[in-house]
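Asks: Sharing a structure below in structure tokens format, with a few things to ask.
The values are calculated or read from the model by the stated rules, or taken from the named source; none is laboratory data. Model, not experiment: these values are computed from the prediction. Backbone-built Cβ (ideal geometry, glycine too); neighbour counts: all protein chains shown. Note: areas computed on protein heavy atoms with side chains; ligands, DNA, RNA excluded. Shrake-Rupley method; radii C 1.70, N 1.55, O 1.52, S 1.80 Å.
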Amino acid sequence: MSADDYTPHSGDAALEVSSYDLDLDYKPSTNRLTGTAVIRGSFRQVTRTMSLDLVGLAVSKVKVAGDARATFTQSDRKVKISLSTECERGEQFEITISYGGSPRPRRTRWGALGWEELEDGVLVASQPTGAATWFPCNDVPRDKARHTLVLTTDPLYTVATGAPATRRQAKGRSVWTFTPAAPMATYLSTVQIGRYARTDVRLGSTTGTILYPPLLQERVSRDFADLDAMMRTYETLFGPYPFERYTVVVTPDDLEIPLEAQAMGIFGANHIDGNGGLERLIAHELAHQWFGNSVGLAQWRDIWLNEGFACYAEWIWSEASAGPTAHRKALAHYARMLTESQDLVVSDPGPDAMFDDRVYKRGALALHAVRVAVGDDAFFAILRAWTRRFAHATATTPDFIALAERVSGVALAELLHPWLDRPELPPMPDAWSRDEPAPLTEAILLPRGISQPDGREQPRQGATAPDQR
Ligand SMILES: [Zn+2]
């Protein structure tokens with residue numbers, strides 16, 4: 001049985017992983033990775049086999065606790081374990097897998113994903129199926145688990161994952177240990193290795209670290225100057241920041257798109273211009289910490305719950321920082337979408353269109369329709385209830401509709417249906433063309449004590465920006 005319809009070759013529907021403990025050794029000069037993964041969990045159904053995703057690395061040994069006669073085989077993308085006896089539903093397992101090789105991205109319909117060797121370091125960008133390029137896993141978003149990582153590497157390099165780190169020296173090498181508190185979907189697990197400079201910053205109620213190539217310091221300090229204000233705005237509107245800290249990595253290499261990992265945003269050198277021109281990307285990736293990373297997907301078909309929300313958060317940040325309001329953005333994007341083909345269903349775009357820009361923009365328009373229908377107080381109460389109710393868990397589109405109706409007391413299923421479930425763009429709601437709503441800064445932010453960032457009198461012109469995850 002496929003564990004997720006959009007990624008039929010990934011995951012094992014029989015498994016529920018509770019923890020991954022990785023102990024890895026990596027040599028940047030030769031791109032050589034070796035290590036062990038201890039994977040614990042339970043069976044969701046009666047089975048005699050287990051299948052884990054692993055691509056491009058060779059398994060040398062598999063040990064199943066309590067089953068000395070278990071055997072394994074390896075194919076190009078799976079490690080299959082045959083147990084000596086049938087296991088019951090709910091029964092626990094613990095397996096230890098020794099493996100190694102030269103990790104590299106895997107080619108998928110979504111492009112090259114996973115562990116990528118940079119000019120001088122490593123980047124891991126896995127959404128949706130790249131995690132298997134560096135550790136054996138049940139690679140589906142619904143199966144969140146605890147992850148700990150011990151990574152030994154050359155002392156010249158900084159290693160970051162988003163989680164708090166400790167570092168010690170052993171035999172001339174650095175041993176980094178990461179033990180994040182929150183569970184994580186496999187695709188959000190990352191390792192960033194590079195020769196980075198570091199700036200620690202206060203971000204709302206939490207702390208943050210920005211890692212960047214020393215040469216980019218000037219541009220980075222200008223482009224991330226508003227990160228604290230952004231964090232405070234989001235915490236007011238979306239609820240408390242869901243992780244222990246937030247890390248930003250700006251790689252020395254250019255990246256096609258920036259992207260999110262758990263408690264981390266990853267940007268290419270090309271995304272940082274020193275003039276805030278790509279600020280919406282920074283706003284987008286930060287918003288994923290609430291929408292996508294803490295509140296996760298039960299299945300990939302609901303990807304709009306990540307991308308529509310993160311896109312709408314860009315518009316909210318624009319509004320809160322004295323740029324064009326979300327309402328203006330919605331009108332502009334609505335007009336643009338009228339000229340585009342209308343053959344995509346937001347609530348089930350199909351695997352090839354998961355990251356289609358229309359999922360982002362129409363998802364955001366659907367949220368704007370809810371906001372206009374229920375008003376700002378109820379709308380942001382919905383978002384905060386959403387991030388509280390499904391914190392560190394997974395959710396579906398029906399979960400969102402049910403929660404939004406309960407919190408607002410407004411029947412929203414009928415309103416959302418044409419935005420989410422029909423390919424043609426719904427007629428623009430009448431209310432959108434009447435009076436423009438009061439900007440967020442006055443209506444919501446100031447009464448709650450968030451001061452408006454200064455120096456933003458001029459609305460930002462929409463910079464030509466790459467798409468993003
Ligand atoms: Zn995104």
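Asks: Which semi-axes, in whole Å and largest first, does the equivalent ellipsoid of the chain have when worked out from the alpha carbon gyration tensor as the square roots of 5 times its eigenvalues?
Replies: Values for the chain, descending: 38, 27, 19 Å.
Asks: Now, a different point. Per residue, how much accessible area does the chain show when a 1.4 Å probe rolls over the protein heavy atoms, in square angstrom?
Replies: That works out to 40 Å² per residue.
Asks: Could you give me the ³J(HN,Hα) list for segment 94-104, computed from phi with Karplus coefficients 6.51, -1.76, 1.60 and θ = phi - 60°, whole Hz, x at Gly and Pro?
Replies: In residue order, the calculated couplings are 9, 10, 10, 10, 9, 7, x, x, 10, x, 8 Hz.
Asks: Here's another thing I want to ask about it. From the phi of every residue in segment 54-65, what ³J(HN,Hα) in whole Hz does the Karplus formula 6.51 cos²θ - 1.76 cosθ + 1.60 yield, where θ is phi - 60° and glycine or proline is x?
Replies: Per residue, the Karplus-derived 3J(HN,Hα) values read 7, 10, x, 10, 9, 8, 9, 7, 10, 10, 9, 4 Hz.
Asks: Under a Cβ-Cβ cut-off of 9 Å, what is the net charge of the residues other than Thr49 that fall near it, where Lys and Arg count +1 and Asp and Glu count -1?
Replies: +1
Asks: Also, I was wondering about something else. What do you get for the angle between helix 326-338 and the principal long axis of the chain? Use alpha-carbon atoms, 0 to 90 degrees, nearest ten.
Replies: Between helix and principal axis, roughly 80 degrees.
Asks: Quick one: if you stick a label point 7 Å off each Cα along the C-beta vector at Glu117 and Val38, how many nm between them?
Replies: Going by the 7 Å Cα→Cβ label model, 3.1 nm.
Asks: Moving on to the next point. Evaluate the distance, in nm, between pseudo-label points positioned 7 Å from the Cα of Lys27 and of Thr179 along their respective Cα→Cβ axes.
Replies: Roughly 3.0 nm, to one decimal.
Asks: Considering amide H positions built from the backbone, and no H for Pro or chain starts, which residues 5 or more places from Leu15, or on another chain, come under 5 Å of its amide H?
Replies: Arg44
Asks: Cβ neighbours within 10 Å, averaged per peptide: list 131-144, 93-106 in order, most packed at the top.
Replies: Ranked by mean Cβ neighbours within 10 Å, highest first: 131-144, 93-106.
Asks: If you stretched the chain out fully between Arg195 and Arg48, how much longer would it get, using 0.36 nm times the residue separation minus the C-alpha to C-alpha distance?
Replies: On the way: separation 147, 0.36 × 147 = 52.92 nm, distance 4.58 nm.
Gain on stretching Arg195 to Arg48: 48.3 nm.
Asks: Looking at the chain, send over the antiparallel percent of its DSSP beta bridges, to the nearest 5.
Replies: On the way: 75 of 95 bridges.
The answer is about 80 percent antiparallel.
Asks: What is the spread of the Cα atoms of segment 300-448 along each of their three principal axes, largest first, in whole Å?
Replies: 43, 36, 26
Asks: Moving on. With the cut-off at 32 Å, tell me which of the pairs Lys63/Lys171; Lys78/Lys171; Lys27/Lys63; Lys80/Lys171; Lys144/Lys329; Lys80/Lys361 have Cα atoms farther apart than that.
Replies: Correct reply: Lys78/Lys171; Lys80/Lys171; Lys144/Lys329; Lys80/Lys361.
Asks: Continuing with this model, one more query. Under 1.5 on a/c is rounded, so check that first for segment 102-254, then, if it is not, pick prolate when a/b is larger than b/c and oblate when it is not; a ≥ b ≥ c are the square roots of the alpha carbon gyration tensor eigenvalues.
Replies: The shape class here is rounded.
Asks: While we're on this one: Sort the following peptides by mean Cβ neighbour count (other Cβ atoms within 10 Å, averaged over residues), highest first: 23-29, 34-40. Can you show the working numbers first?
Replies: Details: 23-29: 16.4, 34-40: 19.0.
Descending packing order for the listed peptides: 34-40, 23-29.
Asks: For segment 26-90, place one equal point scatterer on every Cα, skip the solvent, and apply the Debye formula. What is log10 of I(q)/I(0) at q = 0.21, 0.28 Å⁻¹?
Replies: Here log10 of I(q) over I(0) equals -0.95, -1.39.
Asks: Can you give the relative contact order of the chain as a percent, counting alpha carbon pairs under 8 Å and 6+ residues apart?
Replies: 12 percent
Asks: Rounding to the nearest 10 and keeping the result within 0 to 90°, find how far the Cα-based axis of helix 227-238 lies from the longest principal axis of the chain.
Replies: So the inclination is approximately 80 degrees.
Asks: Next up: Which order, highest average first, do 294-306, 330-342 follow once you tally other Cβ atoms within 10 Å for each residue and take the mean per peptide?
Replies: 294-306, 330-342
Asks: While we're on this one: Would you mind telling me the share, in percent, of accessible area of the chain contributed by carbon and sulfur at probe 1.4 angstrom?
Replies: In the chain, the share of accessible area belonging to carbon and sulfur is 48 percent.
Asks: Starting at the first residue of segment 309-317, write each ³J(HN,Hα) from the Karplus equation 6.51 cos²θ - 1.76 cosθ + 1.60 with θ = phi - 60°, in whole Hz, x for Gly and Pro.
Replies: Those phi angles translate into 5, 5, 5, 5, 5, 4, 5, 5, 5 Hz.
Asks: How many angstrom lie between the Cα centre of segment 349-425 and the Cα centre of segment 215-245?
Replies: Between the Cα centre of segment 349-425 and that of segment 215-245, the gap is 25 Å.
Asks: Within the set of other residues whose C-beta is less than 10 Å from the C-beta of Thr129, count the net charge using Lys and Arg as +1 and Asp and Glu as -1.
Replies: It works out to a net charge of 0.
Asks: List the pair-distance distribution P(r) of segment 204-308, using every Cα-Cα distance, as the percent of pairs falling in each 5 Å bin from 0 up to the bin containing the longest distance, rounded to whole percents.
Replies: All Cα pairs, binned at 5 Å, distribute as 2, 13, 24, 25, 18, 12, 5, 1, 0 percent.
Asks: What is segment 148-208 by shape, rounded, prolate or oblate, if you read a ≥ b ≥ c off the alpha carbon gyration tensor as root eigenvalues and call it rounded for a/c under 1.5, prolate for a/b larger than b/c, and oblate otherwise?
Replies: oblate
Asks: Given H placed 1.01 Å from N in the peptide plane, which residues other than close sequence neighbours of Gly162 have an amide H under 5 Å from its amide H?
Replies: none
Asks: Can you list residues from other chains, or at least 5 along the same chain, whose modelled amide H is less than 5 Å from the amide H of Thr47?
Replies: For Thr47, whose amide H was placed from the backbone, the distant partners under 5 Å are Cys87.
Asks: For the Cα atoms of the chain, what angle does the longest principal axis make with the long axis of helix 376-389, in degrees from 0 to 90, nearest 10?
Replies: That helix lies at roughly 10 degrees to the long axis.
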